[in-house]
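Read the structure below first, then the notes.
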Amino acid sequence: MLKYYSSYLVVFGGVAHLICCGIPFILGVSSFISNVSVSNFLLLDFEFLEITESYLLAFTSLLLLTIISSEIYNKKIKCVEEDECCEVVECNSKQKAIKFNIYFSSFLYVINLSFFLSEKI
């Protein structure tokens, strides 16, 4: 019976500690972080970011095309030449993760490219 009531006392003590100390701590840290981030935005040189935006987009395009072409090479060409296709379940789960990452990064790339082109037009 003591274990039953003591478990509720532990939960009550945890909730009381969260209300008394946790929430004010989270609010204090979030306000500190927001103040620091605003001061960093005011100190950044936005011209530097605007100049490097085109180069970063070109680098990202090159990187994405390299990853996609290497996956096509591994899937289509290398698999046919060497007949060492990965048919194991473990390998299939990795391939699914790689496909998802490529699709997701392509989706983000298209969104970023649309914003970039809308700024330039």
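The values are calculated or read from the model by the stated rules, or taken from the named source; none is laboratory data. Since the model is a prediction, treat every value here as computed from it, not as a measurement. A quick note on method: Cβ atoms are made from the backbone with ideal geometry, for glycine too, and the neighbour counts reach across all protein chains shown.
For the stretch 109-120, taking the residues that are surrounded by 12 or more Cβ atoms within 10 Å (Cβ to Cβ) and under 19 Å from the mean Cα position of the chain (by Cα), the one that is nearest to ILE67 (Cα to Cα) is identified as TYR109. Just checking, how many residues over the stretch 60-78 are farther than 14 Å from SER105 by Cα and of a type in the set (A, V, I, L, M, F, W, C)? Total meeting the criteria: 2.
Answer yes or no as to whether TYR5 is modelled with pLDDT of 80 or more and loosely packed, with under 10 Cβ neighbours inside 10 Å. The answer is no for TYR5.
For every residue, the table says whether it meets (1) modelled with pLDDT under 65; (2) not hydroxyl-bearing (Ser, Thr, Tyr).
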residue: LYS75; (1), (2): no, yes
residue: VAL80; (1), (2): yes, yes
residue: ALA97; (1), (2): no, yes
residue: PHE100; (1), (2): no, yes
residue: SER106; (1), (2): no, no
residue: ILE111; (1), (2): no, yes
residue: GLU119; (1), (2): no, yes
